[in-house]
1. Where residues in segment 64-83 are out of contact with any strand residue (DSSP E or B) (no Cβ under 9 Å at 6 or more places or on another chain) and surrounded by fewer than 17 Cβ atoms within 10 Å (Cβ to Cβ), which of them is farthest from V146 (Cα to Cα)?
2. Return the residues of segment 103-151 that are part of a helix (DSSP H, G or I), in contact (Cβ under 8 Å) with a residue 12 or more places away in the chain and aliphatic (A, V, I, L, M); say none if nothing qualifies.
3. Of all residues in segment 84-101 being of a type in the set (D, E, K, R) and in contact with a Lys or Arg (Cβ under 7 Å, 6 or more places away or on another chain), which is surrounded by the most Cβ atoms within 10 Å (Cβ to Cβ)?
4. Among F56, F70, F46, which is of a type outside the set (G, A, S) and touching a residue at least 24 places away in the same chain (Cβ under 8 Å)?
Amino acid sequence: MPDIKPMIRKYKPSDVEFAEISWRILAWIIDFVIILLITWLLMILFFWRIEIPFVFVFQILAYLIGLFYFCLLESINGQTLGKLIVGLRTVDEDTFKVSTFIENLKNCILKCHWLFCLIDFIIGVTQNSGDLKKRKRIMQNVSHTVVIKIR
């Protein structure tokens with residue numbers, strides 16, 4: 001049986017505008033605040049009496065909530081709440097449709113913690129300088145995703 005591949009668009013449609021870094025950072029900050037609020041709420045409700053150091057539990061919980069938050073929302077419609085407010089969407093780099101859950105998992109694995117995200121950003125900027133798709137994170141290369149402006 002022949003291997004059938006989906007149609008892959010080599011060039012972006014003329015109506016697609018890649019997102020600028022300033023809007024992406026603003027959306028990430030909004031998402032980060034939401035994740036921290038959820039984490040604080042869960043820490044107060046469930047983990048206030050534990051013997052393990054508070055900071056350790058908080059960091060692990062915030063990372064897991066962030067991973068769930070980013071992967072779930074970006075797999076549904078390509079937007080987190082921050083991206084929805086700012087008017088951005090994460091899409092597949094070839095089809096410009098919402099990415100699959102696995103692509104989003106690869107994309108989100110490092111952006112759930114500020115330190116990992118900073119490292120991902122620094123490596124991405126150095127590797128992707130001059131990239132026409134304006135990818136700023138190395139995990140976007142791995143997941144084959146781009147962020148576009150939808151307003």
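Since every read-out is calculated from the coordinates, none of them should be taken as a lab result. This is a predicted model, so every value here is computed, not measured. With ideal geometry, Cβ positions are generated from the backbone for all residues, glycine too; neighbour counts draw on all protein chains shown.
1. L64
2. L105, I123, I138, M139, V142
3. R89
4. Checking each option against the conditions leaves just F70.
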